Amino acid sequence: MEAAMDYKRFIEDQIAYIKKTVGQGKAINALSGGVDSSAVTVLAHRAIGDQLKTVFVDNSLMREGEPERVVRIFAEMGITVELVDAREEFLSALKGLTDPEAKRRAVTDTFYSNIFSRIVKESNAQFLFQGTILTDIEETMAGIKRQHNILAQLGIDPEKSYGYSVLEPLKTLRKDDVREVSKLLSLPAEITERIPFPGPALATRIVGEVTPERLEIVQAATAIVEEELADSGAFQYLAVLLSDRATGIRNNKREFGQIIVVRCVESVDARTATATELSWDKLERLCERITQIKGVNHCLYDLTPKPPATIEYI
Ligand code: XMP
């Protein structure tokens, strides 16, 4: 049996290593508010303080109030996070796109090729911190995840430019280890116990075109689902906006309205999943609140396991 990991020791060792490696240099990292990038931010900040610049890119696809919430959580820990407003750039990259892969690519490319590469280059940093964990490396090697050579994605050629080094302090840890480390780093439960949230954010929960109006609907539905299911103990829960519409009736008038799907699943590692057996009362309450969102007149609960479905909708 493997010996239990000494997380305190891990933190001390990483801080010492980061201090020694960065020296008097400058470093930068992008924080998403997920547990991995949050842990890296605190570790690196403990090691090198204000030599680290942390940015949070607002891509307009986050949950309601998420950018401000993340900035506040870190401010409370004495860490300044620079909020970069890139909403317009992401929305214009997504405009007119309906194909799932094209939408995912637009979000990733806008982040790496346009926004983050510009920020990194302008920062004059020599070090780039990444929240890569062991599972990311394994999945990349197994061909499940796309190879994420961060410098290549930023359009920086490591051969030609000697200016950048990538540091990945969590690369020997798995998710549960990162949660333990995060608790020791005093990250609050709203970060360490967060349910999974995909990189392309709410773009994965809008079938069809992503527009500001459609984002607003899915954000409102997400807030309701997260509030109602917070104590469900489920692995993940989310709201999806379909591209179809359905007829409904409101104030004695027929309206051709929006359809929201609620998804709530049990899973260990997201590779397979089954729908959570929610109580009928809970389902009715979800349905009642969701159909109060302007323009939404149908609400469905998805019973499909993964496979054949995936958890997200695109
Ligand atoms: P699917 O939809 O493939 O999702 O069943 C499995 C798990 O992964 C999350 N997910 C992502 N996470 N970047 C991420 O960091 C992504 O592009 C991405 N797509 C899906 C999803 O929320 C679920 O937990």
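The values are calculated or read from the model by the stated rules, or taken from the named source; none is laboratory data. Just so it is clear, the model here is predicted, and its values are computed rather than measured. Positions of Cβ are backbone-derived with ideal geometry, glycine not excepted, and every protein chain shown enters the neighbour counts. These area figures cover heavy atoms from the full protein model, side chains too; ligands, DNA and RNA do not enter into them. Shrake-Rupley method; radii C 1.70, N 1.55, O 1.52, S 1.80 Å.
The numbered conditions (1) basic (Lys, Arg); (2) modelled with pLDDT under 95; (3) within 16 Å of the ligand (Cβ to nearest atom) are all true for residue 250 except (3). Identify, by number, the condition in (1) within 18 Å of residue 195 (Cβ to Cβ); (2) assigned to a loop (DSSP other than H, G, I, E, B) that residue 308 doesn't meet. Of everything listed in (1) within 18 Å of residue 195 (Cβ to Cβ); (2) assigned to a loop (DSSP other than H, G, I, E, B), residue 308 misses just condition (1).
Let's see how each residue does on (1) within 16 Å of the ligand (Cβ to nearest atom); (2) open to solvent by less than 40 Å² (accessible area, probe 1.4 Å):
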{"position": "140", "(1), (2)": "yes, yes"}
{"position": "143", "(1), (2)": "yes, no"}
{"position": "155", "(1), (2)": "no, no"}
{"position": "169", "(1), (2)": "no, yes"}
{"position": "180", "(1), (2)": "no, no"}
{"position": "199", "(1), (2)": "yes, no"}
{"position": "220", "(1), (2)": "no, yes"}
{"position": "225", "(1), (2)": "yes, yes"}
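Restricting 137, 144 to residues that are part of a helix (DSSP H, G or I) and modelled with pLDDT under 95 narrows the list to 137.
Could you please find all residues in the stretch 293-303 being open to solvent by 50 Å² or more (accessible area, probe 1.4 Å) and either within 16 Å of the ligand (Cβ to nearest atom) or farther than 20 Å from residue 230 by Cα (or both)? Walk me through it before giving the result.
Step one: list which residues in the stretch 293-303 are open to solvent by 50 Å² or more (accessible area, probe 1.4 Å), which gives 294, 298, 300-301, 303.
Once the filter is applied, which keeps residues that are open to solvent by 50 Å² or more (accessible area, probe 1.4 Å) and either within 16 Å of the ligand (Cβ to nearest atom) or farther than 20 Å from residue 230 by Cα (or both), the stretch 293-303 yields 294, 298, 303.
Just one residue in the set 22, 71 is of a type outside the set (Lys, Arg) and out of contact with any Leu (no Cβ under 7 Å at 6 or more places or on another chain); that residue is 22.
Between 68, 64, 101, 89, the distinction of being within 23 Å of residue 243 (Cβ to Cβ) and in a helix (DSSP H, G or I) belongs to 101 only. Residue 106 passes every criterion in (1) crowded, with 18+ Cβ neighbours inside 10 Å; (2) modelled with pLDDT of 95 or more; (3) closer than 26 Å to residue 17 by Cβ apart from (3). Of the helices (runs of 4 or more DSSP H) contained entirely in the stretch 182-295, those carrying at least 3 residues that are not aliphatic (A, V, I, L, M) fall at 212-229, 280-290. Restricting the first member to the stretch 96-116 and to residues that are more than 13 Å from residue 313 (Cβ to Cβ), and the second to residues that are basic (Lys, Arg) and away from the ligand (no atom under 13 Å from the Cβ), no beta-carbon pair is closer than 8 Å while six or more apart or on different chains. Number of residues in the stretch 31-56 that are touching a residue at least 60 places away in the same chain (Cβ under 8 Å), open to solvent by less than 20 Å² (accessible area, probe 1.4 Å) and in a strand (DSSP E or B) equals 2.
Look through 60, 92, 117 and report the one residue that is surrounded by fewer than 16 Cβ atoms within 10 Å (Cβ to Cβ), among the polar types (S, T, N, Q) and more than 22 Å from residue 178 (Cβ to Cβ). Write out each step before concluding.
Details: 60 fails: surrounded by fewer than 16 Cβ atoms within 10 Å (Cβ to Cβ); 117 fails: surrounded by fewer than 16 Cβ atoms within 10 Å (Cβ to Cβ).
Checking each option against the conditions leaves just 92.
Can you say whether residue 290 is more than 16 Å from the ligand (Cβ to nearest atom), aliphatic (A, V, I, L, M), under 27 Å from the mean Cα position of the chain (by Cα) and within 23 Å of residue 208 (Cβ to Cβ), as far as the supplied structure shows? Considered against the rule, which asks whether it is more than 16 Å from the ligand (Cβ to nearest atom), aliphatic (A, V, I, L, M), under 27 Å from the mean Cα position of the chain (by Cα) and within 23 Å of residue 208 (Cβ to Cβ), residue 290 comes out as yes. Of the residues making up the stretch 248-292, those that are of a type in the set (Val, Ile, Thr) and either exposed (fewer than 11 other Cβ atoms within 10 Å of the Cβ) or over 30 Å from residue 139 (Cα atoms) (or both) number 6.
From 66, 82, grab the single residue that is among the charged types (D, E, K, R), open to solvent by less than 40 Å² (accessible area, probe 1.4 Å) and under 30 Å from residue 182 (Cα atoms).
Values: 82 fails: open to solvent by less than 40 Å² (accessible area, probe 1.4 Å).
Unique residue meeting the criteria: 66.
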